[in-house]
Amino acid sequence: MHLRLSMLVSLLLLAFTTACTQAPPPDTHAADVQALKDTEAGSAKAIAAKDFEKSMSYYADDASLLVPTAPEINGKDAIRAAFKPLADDPNFAHACQTSRVEVAKSGDLGYTQGTYTMTTTDPKTKKPVTEKGKYLITYKKQADGTWKVVADMESSDMPLPAGK
Amino acid sequence: MHLRLSMLVPLLLLAFTTACTQAPPPDTHAADVQALKDTEAAWSKVMAAKDFEKFISYYADDASVLMPNAPAFNGKDAIRAAFKPLFDDPNFAMNFQGSRIEVAKSGDLGYTQGTYTVTMTDPKTKKPVTDKGKYLTAYKKQADGTWKAVADMSSSDMPLPTPGKK
């Protein structure tokens, strides 16, 4: 009987230890960071390829776009309307470079920071002009596991034209 | 012996259940969100009071400030230099209002979005002008439990002055 008791205790202790060490969720941080990097690379590729619908698909439905000289642009429809003229510009070209990516330990929230180069047609001269700028984007992981942009803020680095 | 064994099993099961249900960390989400709200409210107050050093203390050492018409200001020293002229302006007044705040479940990362109003001296007319704008700020919880801004971006809502016109 003593043997059976000590076996039972050992088994229960083993079960106890195993169950409790398995309790904390697995650390997915490195995978979360990589997934966010991949998402941003995918978005940059879609923009560079001028695939308007695909580039829009990276925004959450309730996302905000924050650009200079305009109030907050809230919601995917408003963002679509704001970007459409750019997408229609034959000179449009865009490239971005991520400099910082941070993701919460829980893997549900993250942000990226970086710089961009964008070419558009100057409305006055009708010639292509290139500007450099920077961005800050916050992302939320969706129920399906994909990362979507919830706030996208950008601004040019170029000095204001001298008004004199 | 049968009695002792049958007593031991429920006791071990009780210990097992108690230990395992206590395993997940407590949910501090509501407290984390409130702490970030309080941080931003206090920061706005410090700005309104033009307390420059206290204002700067809300940035992490490796923070970036992103403003239009200039590249990123990286690091606290660059941020200090960028904001100093504003705080030295006798007409300077600023307040901001958060409209959206989100904090990760793990409570280590968050962001706020909102609008601001700033008054400063127009370099040309020397008269005070008021600007409205918006901001997006990413925060990280520090080792001491405080929230610090790691990336802070803002821009004016106002249309560009059209040079040549008038």
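The values are calculated or read from the model by the stated rules, or taken from the named source; none is laboratory data. Everything quoted here is computed from the prediction, not taken from an experiment. Using ideal geometry, Cβ is built from the backbone for each residue, glycine included, and neighbour counts are taken over all protein chains shown.
Here are the numbers:
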{"quantity": "Residue count for the stretch A:31-60, restricted to those that are farther than 24 Å from A:D157 by Cβ, more than 14 Å from the chain's Cα centre (by Cα) and not in a helix (DSSP H, G or I)", "calculated": "2"}
{"quantity": "Sole residue being away from chain A (no Cβ under 12 Å) and farther than 25 Å from B:V33 by Cα, chosen from B:K127, B:K54, B:K132, B:K148", "calculated": "B:K127"}
{"quantity": "Any hit, the stretch B:14-29, residues being polar (S, T, N, Q) and at pLDDT 90 or above", "calculated": "yes"}
{"quantity": "Pairs with Cβ under 7 Å, 6+ apart, first in the stretch A:67-79 and more than 7 Å from chain B (Cβ to nearest Cβ) and in contact (Cβ under 8 Å) with a residue 12 or more places away in the chain, second part of a strand (DSSP E or B) and of a type in the set (A, V, I, L, M)", "calculated": "A:K76/A:A63; A:I79/A:A63; A:I79/A:L65; A:I79/A:I73"}
{"quantity": "One residue from B:K54, B:K37, B:K45 being over 20 Å from B:A104 (Cα atoms), at pLDDT 95 or above and under 16 Å from the mean Cα position of the chain (by Cα)", "calculated": "B:K54"}
